[in-house]
Number of protein chains: 2
Amino acid sequence: MNIIIAGFGTVGQSFVQLLMSHREFLKKAYGLVIKVVAIVDSKGAAVSQRGLDLNLVMRCKREYGTVAKAASVGYEMNLLEVIRSVEADTLIEATHTNLINGEPGMTHILNALQLGLNVITVNKGPLALAMPMLKEIAEHKKLALKFSGTVGGGLPVLAFAKECAKGDRVVKVEGVLNGTTNYILTRMEDGLRFDEALVEAQEKGYAERDPTLDVSGMDTACKLVILANEVLGKRVTLRDVKVEGIAGIKPEDIKMAKGTGKTVRLIGVADESEVFVKPLIIDQSDPLAVKYTYNAITLTLENSGRHTITGKGAGGRETATAIIRDLISIKEHLLVT
Amino acid sequence: MNIIIAGFGTVGQSFVQLLMSHREFLKKAYGLVIKVVAIVDSKGAAVSQRGLDLNLVMRCKREYGTVAKAASVGYEMNLLEVIRSVEADTLIEATHTNLINGEPGMTHILNALQLGLNVITVNKGPLALAMPMLKEIAEHKKLALKFSGTVGGGLPVLAFAKECAKGDRVVKVEGVLNGTTNYILTRMEDGLRFDEALVEAQEKGYAERDPTLDVSGMDTACKLVILANEVLGKRVTLRDVKVEGIAGIKPEDIKMAKGTGKTVRLIGVADESEVFVKPLIIDQSDPLAVKYTYNAITLTLENSGRHTITGKGAGGRETATAIIRDLISIKEHLLVT
């Protein structure tokens with residue numbers, strides 16, 4: 001399989017590291033032989049039809065801040081030029097999330113699909129803004145569009161949902177989908193004020209310097225859009241989600257909930273009638289009442305009730321594992337058809 | 001698909017009800033057309049190559065306590081005689097769990113495999129006692145042996161594990177696998193003594209009149225054997241599991257754990273070196289610290305960390321859904337090969 005990687009930050013680099021350390025395993029267990037024919041970052045590209053020397057590009061990125069400086073394979077090219085210059089079958093889109101217009105990921109995905117490449121994205125932006133359209137284009141082109149890494153980090157949420165739904169029907173999805181806000185709410189339970197808990201989360205590296213995307217509920221909303229489209233078959237985008245964040249929650253609210261065996265969690269909910277993100281008061285015994293940076297997703301099935309999966313939210317290595325999973329299922333799919 | 005049902009208690013009847021209400025859905029969504037050609041209970045059998053009238057056998061079971069009294073299709077036959085008298089491709093084994101010798105389920109499964117039928121069992125006994133052997137026979141005969149309903153009720157644990165392991169490796173399985181003992185431990189956290197909590201669990205229908213199988217940890221051990229074989233690829237049976245139950249736990253133990261942010265859960269653990277069931281002290285924030293009758297299974301993956309799935313433990317309808325899932329995957333498998 002010849003792949004192109006767009007975006008070479010934490011996730012892109014973790015993925016390449018995983019590829020290097022698991023080359024033999026992937027070949028033996030899945031017959032998966034992966035050749036990285038190009039990596040594109042914000043300053044340029046490294047391209048080699050014979051397969052890049054991954055140690056070289058990693059070292060180059062570390063030393064010069066861009067893969068484009070790798071001698072003999074480095075170029076000042078953008079993704080479109082790269083796609084046209086090499087033979088590849090799959091694009092891995094791992095640039096940063098942009099909720100205004102989804103760029104540069106949106107153009108990357110559209111170009112790749114247009115030119116006949118399967119796409120694996122770990123970037124939520126384009127999906128949050130235009131998932132129904134992107135899925136339609138991929139279907140029309142008979143290409144794969146995969147995105148396991150966008151929800152729940154390493155958790156195989158989407159595959160789990162598909163399996164649960166065999167012979168049954170998912171009627172509702174609820175999720176604690178953002179580790180940062182969950183950490184803050186857990187620490188508020190311990191008695192901290194919102195601002196104290198936020199500073200602590202930033203110190204521990206759980207929250208960004210600008211925590212708006214998390215605290216406002218927008219990150220949760222993006223993931224909810226993906227779940228609603230994929231698990232419930234709805235056609236929704238970020239515009240359709242009513243979003244309320246956690247900035248307004250007072251210590252008293254949490255204390256009161258705690259006194260009655262309950263707790264507050266920022267939850268994304270999608271069912272047949274609505275799609276919203278909101279702090280909700282739930283039972284401490286509810287499987288969604290996970291603590292610290294854990295994520296949890298509950299599916300309500302028509303016949304078999306509520307099933308929950310839980311795990312740590314995103315991390316480079318976890319998300320990289322999700323990309324590998326997507327590559328394996330693209331390969332399996334190619335064999336079947 | 002022509003199926004035979006052995007054992008017609010809560011699960012068997014829930015399954016038949018689900019079949020009746022979902023006939024159209026299963027046909028439309030999966031091309032699955034199921035004909036029940038025989039049902040065997042402890043007093044005899046109802047057999048019809050053209051397909052049993054399911055309303056009739058349900059009514060007959062309700063009124064006479066056995067399907068064998070259904071006029072024109074009722075016989076005094078045992079399963080082996082039934083298998084020989086009709087054409088069927090799959091046996092659903094739903095008799096009671098027996099941990100002494102696995103009977104009558106063991107003989108049912110062996111006969112079915114011997115005579116060329118796929119097997120779906122929701123009965124843990126035969127697997128706990130002889131899973132490595134049964135799997136080998138099924139493989140040798142190129143038949144399916146499915147058992148989704150034996151662990152975690154409606155939770156698709158086994159499929160989840162398979163998906164998690166794509167491009168990764170499960171190194172450890174831990175589980176709260178028994179709702180009865182988990183209910184008792186949760187109520188002891190609330191201040192009840194063991195015997196008080198047990199009586200309450202019995203009153204609510206969560207515990208059997210004879211709660212030995214649950215309280216001793218044996219039920220947990222059975223499910224752990226199935227997980228260890230299937231998820232970790234170990235070759236173990238019930239004999240290989242060190243088992244300690246919850247009868248010795250004192251209110252003080254639980255109080256002390258609670259005072260330090262911890263809690264006690266009966267956990268089955270399997271990894272490369274050991275397989276045991278034991279009450280363990282874990283963090284209240286651990287995803288395994290589920291409450292009341294919830295079950296939880298945590299898989300530790302080499303690359304992507306700990307993933308947990310949570311849901312209510314067994315129930316007739318939940319287990320029936322698991323049977324449907326197994327039927328669907330047998331059908332999908334038949335199409336592939």
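What follows draws every value from the coordinates through simple rules; no lab data is involved. Model, not experiment: these values are computed from the prediction. No Cβ is skipped: glycine too gets one built from the backbone with ideal geometry, and neighbour counts run over all protein chains shown.
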Top positive-direction residue, dipole computed over chain A with Cβ charges, set A:GLY316, A:TYR183, A:ASN229: A:GLY316
Mean projected area (nm²) of the alpha-carbon convex hull when segment B:157-312 is viewed from all directions: 8.9
Kirkwood-Stokes translational diffusion coefficient of segment B:38-98, alpha-carbon pairs, 37 °C, 0.692 mPa s, µm²/s: 281
Square roots of five times the Cα gyration tensor eigenvalues for segment B:54-178, Å: 31, 18, 14
Within a Gaussian network of chain B (alpha carbon springs, distance under 10 Å), most fluctuating of B:MET106, B:MET188, B:MET20: B:MET20
Chain B, helix-only ellipticity at 222 nm - DSSP H runs n ≥ 4, -39,500 (n - 2.57), divided by all residues, nearest 500: -13500 deg cm²/dmol
Once the Cα gyration tensor of segment B:236-297 is diagonalised, semi-axes √(5λ) in Å: 23, 14, 10
Over segment A:97-161 - Rg/Rh using Cα atoms and the Kirkwood inverse-distance radius: 0.96
Inter-copy spacing of A:ARG62 label points, which lie 7 Å from Cα along Cα→Cβ, given in nm from shortest upward: 7.2
Whole-number D in µm²/s for segment B:230-337 (Stokes-Einstein; Kirkwood sum over Cα pairs; 10 °C, 1.306 mPa s): 95
Largest-first principal axis extents, alpha carbons of segment B:20-126, Å: 40, 33, 23
Label spacing, shortest first and in nm, from B:LYS135 to its equivalents in the remaining copies (7 angstrom along Cα→Cβ): 3.5
Dipole magnitude of the protein assembly as shown, debye to nearest 20 (Cβ charges: Lys/Arg +1, Asp/Glu -1, about Cα centre): 960
Inter-centroid distance (Cα atoms) of segment B:35-99 relative to segment A:122-146, Å: 49
For chain B, built as a Gaussian network whose Cα springs stay under 10 Å, the top-fluctuating residue of B:TYR30, B:TYR294, B:TYR206: B:TYR30
Whether segment B:153-199 is rounded, prolate or oblate, judged on the alpha carbon gyration tensor where a/c under 1.5 counts as rounded: prolate
Total charge dipole magnitude, segment B:157-312, about the Cα centre, Cβ charges on Lys, Arg, Asp, Glu only, Debye to nearest 20: 240
Cα-based Rg of chain A normalised by 2.2 N^0.38 Å, two decimals: 1.02
The protein assembly as shown: translational diffusion in µm²/s, Stokes-Einstein, Kirkwood Rh over Cα pairs, 37 °C, 0.692 mPa s: 123
Set of lysines with alpha-carbon distance to A:LYS43 below 25 Å, sequence-local pairs under 8 removed: A:LYS35, A:LYS61, A:LYS69, A:LYS124
Dipole axis of segment B:157-312 (+1 Lys, Arg; -1 Asp, Glu on Cβ), positive-most option in B:ALA296, B:GLY167, B:ALA270: B:GLY167
Nm distances between copies for A:MET256, ranked from closest, using label points 7 Å along Cα→Cβ: 3.9
Violating pairs (Cα-Cα greater than 19 angstrom) within the set A:LYS223/A:LYS278; A:LYS291/B:LYS278; A:LYS258/B:LYS262; A:LYS162/B:LYS291; B:LYS234/B:LYS291: A:LYS291/B:LYS278; A:LYS162/B:LYS291; B:LYS234/B:LYS291
Projected area averaged over orientations for segment A:283-325, convex hull of C-alpha atoms, nm²: 4.1
Radius of gyration and maximum dimension Dmax of segment B:1-82, Cα, Å: 12.3, 37
Label-point separation in nm, B:ALA71 to A:VAL86, each point 7 Å along Cα→Cβ: 7.7
For segment A:1-42: rounded, prolate or oblate by the Cα gyration tensor [a/c cutoff 1.5]: oblate
Cβ-placed point charges (K, R +1; D, E -1), dipole of chain B about Cα centre in debye, nearest 20: 720
